[in-house]
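See structure below.
The values are calculated or read from the model by the stated rules, or taken from the named source; none is laboratory data. Every value quoted in this text rests on a predicted model; they were computed, and no experiment measured them. All Cβ positions, even for glycine, are placed from backbone atoms using ideal geometry, and neighbour counts span all protein chains on display. These accessible areas exclude ligands, DNA and RNA; they are computed on the full protein's heavy atoms, side chains included. Shrake-Rupley method; radii C 1.70, N 1.55, O 1.52, S 1.80 Å.
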Amino acid sequence: MDTLFLQMMNALSYGFLLFIITCGITIVFGILGVLNLAHGSLYLLASYIGYSMIMKVGLPFWAAIVTVPLLIAIIGFTTEIFILRPTYKLGHLSQVLLTFGLAYIFHDIFSIIWGKNVLSVNPPEALSNSVEIFGNAIPSYRLALIMIGAALVLLLWYIQEKTKWGAVIRAGLSDKEMAGGLGVNIHLVFTFVFVFGSLLTGLGGVLGSPILGTYPGMEFQILILSLVVLVVGGLGSVSGTLLASLLVGFVETFSRYFVPEISLIMTFVLMALVLVVRPQGLIGRRI
């Protein structure tokens, strides 16, 4: 029972980390309709910058949590305005090809600047110990990930349901032309959404470093995992992303512990089963 409890806590923390990582691509696709295949590159860029700030410059982990997402948000701002905006009228294929090409460009840049070695970041000293729960020692950093993920869920719900920006975003999602006719600046809304999604991706890059590590090629693994969560939860559904992230977290964690020889395929088995039963995803809307 102790082992089962430990694995459940590991799965819960990993699931919330996946939610933080994949929330950005979900928001961008759900509102802008843009499938950003450079999402994993933004994550890895945040992870590399966080590593440089913490391990090379000597900044506190907390400073990197604040600074790195803001830098990624600025990169997202310039990307949306100068690169993605001209493709909005060209369709999904142009956007997919463009962002996938950006991912390969980023991959080469990462290798030139940071090399091809696996880099690791230590968690903050205040969270480097363990907390005893029901007689089990749970790493403090994993508990912090659970709390940060839960806080992000509440923040997104509040923004969507209780703020004017949330209402404007929902209006733009439902009917762009009508919202524009009522005076809503759709381009500004789209830019805000992409910047906010990039900021969340940057936060996930910093928080994920102590657990997942940082290495070349990781951006494509993160991209594939994010797409699995996106499909399982339902395209563009934040609540579906939360459910899918926790589900994938539990499947990956328990399969690695109990059946490690087939753990690599269990996530894709889960995705296939969900698509057979509900092609629109767990909480997706039927198109």
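Tell me which residues, restricted to the stretch 86-108, are in a helix (DSSP H, G or I) and open to solvent by 70 Å² or more (accessible area, probe 1.4 Å). Result: 86, 92, 93, 97, 100, 104, 105, 108.
Report whether or not residue 72 is among the hydrophobic types (A, V, I, L, M, F, W, C) and open to solvent by 30 Å² or more (accessible area, probe 1.4 Å). I'd like the intermediate steps shown before the answer.
Details: among the hydrophobic types (A, V, I, L, M, F, W, C): yes; open to solvent by 30 Å² or more (accessible area, probe 1.4 Å): no.
Answer is no for this residue.
Look at (1) in contact with a strand residue (DSSP E or B) (Cβ under 8 Å, 6 or more places away or on another chain); (2) surrounded by fewer than 20 Cβ atoms within 10 Å (Cβ to Cβ) and you find that residue 214 fails only one, number (2). When residues in the stretch 237-281 are screened for being within 21 Å of residue 32 (Cα to Cα), modelled with pLDDT under 90 and open to solvent by less than 50 Å² (accessible area, probe 1.4 Å), 5 of them pass. In the stretch 179-192 there is no residue matching the filter, namely being modelled with pLDDT of 90 or more, over 18 Å from residue 28 (Cβ atoms) and either touching a Ser or Thr at 6+ places or on another chain (Cβ under 6 Å) or open to solvent by 50 Å² or more (accessible area, probe 1.4 Å) (or both). Only one of the listed residues (204, 240, 236) is assigned to a helix (DSSP H, G or I) and touching a Phe, Trp or Tyr at 6+ places or on another chain (Cβ under 7 Å). That residue is 204. Return a yes/no flag: does the stretch 73-86 have any residue that is within 17 Å of the chain's Cα centre (by Cα) and within 19 Å of residue 211 (Cα to Cα). Scanning the stretch 73-86 turns up no residue that is within 17 Å of the chain's Cα centre (by Cα) and within 19 Å of residue 211 (Cα to Cα). Contact map, the stretch 154-178: residues that are more than 10 Å from residue 189 (Cβ to Cβ) and at pLDDT 65 or above paired with residues that are open to solvent by less than 50 Å² (accessible area, probe 1.4 Å) and not aliphatic (A, V, I, L, M), Cβ distance under 9 Å, separation 6+ or inter-chain. Pairs shown: 156/23; 158/166; 159/166; 159/196; 160/166. Being without any contact (Cβ under 8 Å) to a residue 60 or more places away in the chain and not hydroxyl-bearing (Ser, Thr, Tyr) holds for only one residue in 57, 28, 68, 34, and it is 57. Within this structure, residue 143 passes the test of being closer than 22 Å to residue 241 by Cβ, in contact with a strand residue (DSSP E or B) (Cβ under 9 Å, 6 or more places away or on another chain) and either in contact (Cβ under 8 Å) with a residue 12 or more places away in the chain or part of a helix (DSSP H, G or I) (or both).
If you go through the stretch 1-51 and pick out every residue that is in contact with a Leu (Cβ under 9 Å, 6 or more places away or on another chain), open to solvent by 10 Å² or more (accessible area, probe 1.4 Å) and hydroxyl-bearing (Ser, Thr, Tyr), you end up with 2. For residue 263, the conditions (1) out of contact with any Ser or Thr (no Cβ under 6 Å at 6 or more places or on another chain); (2) of a type outside the set (D, E, K, R); (3) closer than 28 Å to residue 6 by Cβ all hold with the exception of (1). Scanning the stretch 7-64 for residues that are on the phi < 0 side of the Ramachandran plot and not in a helix (DSSP H, G or I) gives 34, 35, 36, 37, 38, 59, 60. As a summary of the residue check, residue 204 satisfies the conditions (1) under 17 Å from residue 11 (Cα atoms); (2) modelled with pLDDT under 85; (3) not hydrophobic (A, V, I, L, M, F, W, C) except for the one numbered (2).
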